[in-house]
Amino acid sequence: MKRAGLLLIGVAATIAVTARLGIPGSAFSGSANQRAAPARVDGFAFLAIDLRTRSPLDEVQTSRLDRAVAPGSVIKIATLAAALESGLINERTGVMCTREVVVDGHRLTCSHPDRHRPLLPADALSDSCNVYVATIAKRLSRPAFDRALASLGLPLSDRRVPVSTAALGLEGVDLAPRALIEAVFRVAEEPTRLPWKPETLSVVRDGLRAAARTGTATALGARGIDALAKTGTTIGGGGGTQGLVVGVTPASKPTIGFVLLASGGAGIDAAGIAAERLAALPSISAAAAKPPARAPAVPAPAIARPATAMPAAPTSAEPVTTLRVGIARDGGYTVRQMGLEEYVAGVIAGEAARDSTPAALEALAIAIRTFAMANLGRHRGDKFDLCDTTHCQVLRKPTQATLRAAEASAGAILLDHGAPASIYFSASCGGHTERPSEVWPGAADPSYLPSKPDDACAGQPSWSADLSAGDLERALRSGGFNGRDLRDLRIISRNDSGRVARLSIEGFSPDVISGQDLRTVVGRTLGWQFIKSTAFELRRTSSGFHFSGRGSGHGVGMCVIGAAQLGARGQSAAEILSRYFPGLPISTRPVAPVITTADDVIVMLPAGDEGERDVIRDLATRSRNDLAKRLGVDRPSRITLRFHPSVEAYQRATGQPWFTAGATIKDEMDFVPLTVLRDRGVLERTVQHELVHLMTASVLGGRPLWVREGAASFFASERSDASDPAYRKRGACPTDQELTRPVSPGAMSLASNRATACFARQIAAGRKWSEVR
């Protein structure tokens, strides 16, 4: 069963939990893997129809569906189709999302996950990207837009309203939500009635299918409902928001059409309620009851070629000679099988400094090969070994020089106690290498990864960037910090290497952030080209802040620019490696890679947090084993922890509100960004809390929600002694509604504390945890 809400982001040092399963008209059932509306709504109108007979299958306040409203982002179906049909864009046109855009006085933000690449049209529809649609809407002609609307059976736009505004669904096109069922059905039906090019139809279908799987309507896919769907948020007559979702199911040859309008919510809320109503329909209840399919680590729309099955991992006596590499394409991965040395040559081409000598290239080849052999389990969940992006190692077309370097060093890796060493390298250390624990708190600091001056790098490259206060505020909020007005940003401490350790952020809560976390939240939200390292100076400007620094990357391990300089000075590959990884021998004999086994702890991290993998895996393994002993249960053989790059990405993936911190479904746990959990000091308790839910679900699954939440809070708390005076306060145990639909974070905190106290009192009275009712 899904559980969520370890952290109340707006309430300091408070642990509270919510499952967010209660929705209007639907009682909490306690069934496994249930997902539902993520936010409280004031009421909703719903219609599901049989598309063959047009007869209703389920109806709630359907008269509201005949009243005209602005469709919000649902209109993006027509907007993208118009742009594709008119030749303004094609299926490969990419736009980089800047996360915020102003259109005719309307300020719009994007809350979808940052893909760290330009979005394609299908991505824009799936993610409902305002920046992408606003970019093309500025150049879209009214005739092209109106033709697309008419082909979908929708009313034409109001000529008094700019096309750029109407194309985003803000105003200028008012329609009855009921009419949207027919519009989406026209997209899905075969043979099609739409006068669109095959490429247009394919893009729109792919985007709507991905929306129901991994995008804004992901609640449908989470309930096993195969659909084409689109969500939108609009303003109601009284000024409040209304969430809208429309779709057809199944995605191919649909038989059911549906639309739902939810007052007081957003599109994602409407999708959650619609998923619950649809799952109850007899015609699709069997499919909806199946365990929900989880999205891949990088959402993949249907236009991406599917990955094939990964061959069995080699045994300890079977060194790797080929790799399966995930090539990032169109939001997903195309899997390519490559020889190990071909892969090494390609990564040298992607990672090496320009004009590197053969010795520097060979040193880099050995480091690349070592990293690959030590990290082959990184993408096991995606059914390949390593990807071709900065998440693993950047892969490019090899050159003759890089092929020679791979061949000259073939098979050579760095060893740590006979196994491939866990090493790192970065573009430039800025003149001083760094210890792992300074970048990734809690990481081990082996002797072969020291922090020391590097005269070879000479502090290159130097860089500077100006960021407005507004951009920094947006980045901080995306990272889970609370505040609207950044009054000041100051460096308050540095570490031994001179890098920024901590900064004060006046006007936000928490009011302190690490240098590495600031670089991460800015990189994910605004782009990694701004704060290239934490070796920087900072000063206030009239509009924001000026950063001036040196180096590029985390600075741990080998400095690629420094290695190139050492090679130019005549040093050999072995001498270069000895300088950056002192004490590690080079093995020229084939060595088996480090491959995690099936009963392991799988950690999925954004690229900026990759260095924390071992720390998180150790924490989760230790917590799992300890809790298994305390609970007296078998430890789960396989668990997955997925940390999201932003609070918005977490919300989108889980349907949970911003003030929660974790959600568990089956053996997978989703979390808000590591920066959020670390800055609030709740990382360990958050992981433990979700583990308790996972490990007690089979016993407590049918109990009242306060029992399950109380157990998780009790066993994850530092106060797990039932005789603790903190638990003696009497009071009624909270209802399911108080825990699933709190009116505020504070109300959730109080309900969670009461649940924990109720649970602890029964433990103090002599009951086992499995007997609490």
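Answer with yes or no whether ALA465 is surrounded by 17 or more Cβ atoms within 10 Å (Cβ to Cβ), at negative phi, in contact (Cβ under 8 Å) with a residue 60 or more places away in the chain and in a loop (DSSP other than H, G, I, E, B). Here the answer is no, as ALA465 does not meet what is asked.
Being out of contact with any Gly (no Cβ under 9 Å at 6 or more places or on another chain) and closer than 15 Å to GLU342 by Cβ, is that true of even one residue in the stretch 385-400? Within the stretch 385-400 (the criterion being out of contact with any Gly (no Cβ under 9 Å at 6 or more places or on another chain) and closer than 15 Å to GLU342 by Cβ), the answer is yes, since at least one residue qualifies. Within the stretch 163-174, is there a residue that is charged (D, E, K, R), under 30 Å from PRO56 (Cβ atoms), over 22 Å from the mean Cα position of the chain (by Cα) and open to solvent by 30 Å² or more (accessible area, probe 1.4 Å)? Within the stretch 163-174, one or more residues are charged (D, E, K, R), under 30 Å from PRO56 (Cβ atoms), over 22 Å from the mean Cα position of the chain (by Cα) and open to solvent by 30 Å² or more (accessible area, probe 1.4 Å). Checking the stretch 406-421 against the condition returns a match, with at least one residue being aliphatic (A, V, I, L, M), more than 29 Å from LEU619 (Cα to Cα) and open to solvent by 60 Å² or more (accessible area, probe 1.4 Å).
Suppose we filter THR370, THR399, THR389 for residues that are open to solvent by less than 20 Å² (accessible area, probe 1.4 Å) and more than 25 Å from SER462 (Cβ to Cβ); which single one remains?
Being open to solvent by less than 20 Å² (accessible area, probe 1.4 Å) and more than 25 Å from SER462 (Cβ to Cβ) holds for just one of THR370, THR399, THR389, which is THR370.
Only residues that are within 23 Å of SER126 (Cα to Cα) and either in contact with a strand residue (DSSP E or B) (Cβ under 9 Å, 6 or more places away or on another chain) or at pLDDT 75 or above (or both) were counted across the stretch 614-646, and they come to 4.
Results for (1) within 21 Å of the chain's Cα centre (by Cα); (2) without any contact (Cβ under 8 Å) to a residue 60 or more places away in the chain; (3) in a strand (DSSP E or B), shown as yes or no for each residue.
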| position | (1), (2), (3) |
| --- | --- |
| ALA501 | no, no, yes |
| ILE505 | no, yes, yes |
| ASP517 | yes, no, no |
| ARG524 | yes, no, no |
| SER533 | no, no, no |
| LEU538 | no, yes, yes |
| SER542 | no, yes, no |
| PHE545 | no, no, yes |
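Scoring GLY583 on the criteria (1) open to solvent by 10 Å² or more (accessible area, probe 1.4 Å); (2) within 23 Å of PRO673 (Cβ to Cβ); (3) modelled with pLDDT of 90 or more leaves a single failure, condition (2).
Quick grid of which residues meet (1) among the hydroxyl-bearing types (Ser, Thr, Tyr); (2) under 21 Å from THR231 (Cβ atoms); (3) open to solvent by less than 50 Å² (accessible area, probe 1.4 Å); (4) part of a helix (DSSP H, G or I):
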| position | (1), (2), (3), (4) |
| --- | --- |
| LEU80 | no, yes, yes, yes |
| ILE89 | no, no, yes, no |
| ARG92 | no, no, no, no |
| VAL101 | no, yes, yes, no |
| SER111 | yes, yes, no, no |
| SER126 | yes, yes, yes, yes |
| VAL131 | no, yes, yes, yes |
| PHE145 | no, yes, yes, yes |
| LEU149 | no, yes, yes, yes |
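The set of residues from the stretch 201-224 being closer than 23 Å to ALA279 by Cβ, open to solvent by less than 10 Å² (accessible area, probe 1.4 Å) and in contact with a helix residue (DSSP H, G or I) (Cβ under 6 Å, 6 or more places away or on another chain) comprises ALA210, ALA211, ALA212, GLY215, ALA217, LEU220.
Exactly one residue among PRO155, PRO177 is in a loop (DSSP other than H, G, I, E, B), under 14 Å from ILE75 (Cβ atoms), open to solvent by less than 30 Å² (accessible area, probe 1.4 Å) and not charged (D, E, K, R), and that residue is PRO177. Does ASP721 satisfy the criteria of being at pLDDT below 90, open to solvent by 40 Å² or more (accessible area, probe 1.4 Å) and under 28 Å from ARG642 (Cβ atoms)? Here the answer is no, as ASP721 does not meet what is asked. Within the stretch 586-603, restricting attention to residues that are open to solvent by less than 40 Å² (accessible area, probe 1.4 Å) and hydrophobic (A, V, I, L, M, F, W, C), the residue that is modelled with the lowest pLDDT is ALA592. In the stretch 527-538, of all residues being at pLDDT below 95 and open to solvent by 30 Å² or more (accessible area, probe 1.4 Å), the one that is farthest from TRP463 (Cα to Cα) corresponds to TRP528. For the stretch 547-561, the tally of residues that are β-branched (Val, Ile, Thr), open to solvent by less than 30 Å² (accessible area, probe 1.4 Å) and either on the phi > 0 side of the Ramachandran plot or over 28 Å from the mean Cα position of the chain (by Cα) (or both) stands at 1.
A count restricted to the stretch 472-494 and to residues that are outside any strand (DSSP E or B) and out of contact with any Ser or Thr (no Cβ under 8 Å at 6 or more places or on another chain) stands at 8.
The values are calculated or read from the model by the stated rules, or taken from the named source; none is laboratory data. Since the model is a prediction, treat every value here as computed from it, not as a measurement. Neighbour counts run over all protein chains shown; Cβ positions are idealised from the backbone, glycine included. These accessible areas exclude ligands, DNA and RNA; they are computed on the full protein's heavy atoms, side chains included. Shrake-Rupley method; radii C 1.70, N 1.55, O 1.52, S 1.80 Å.
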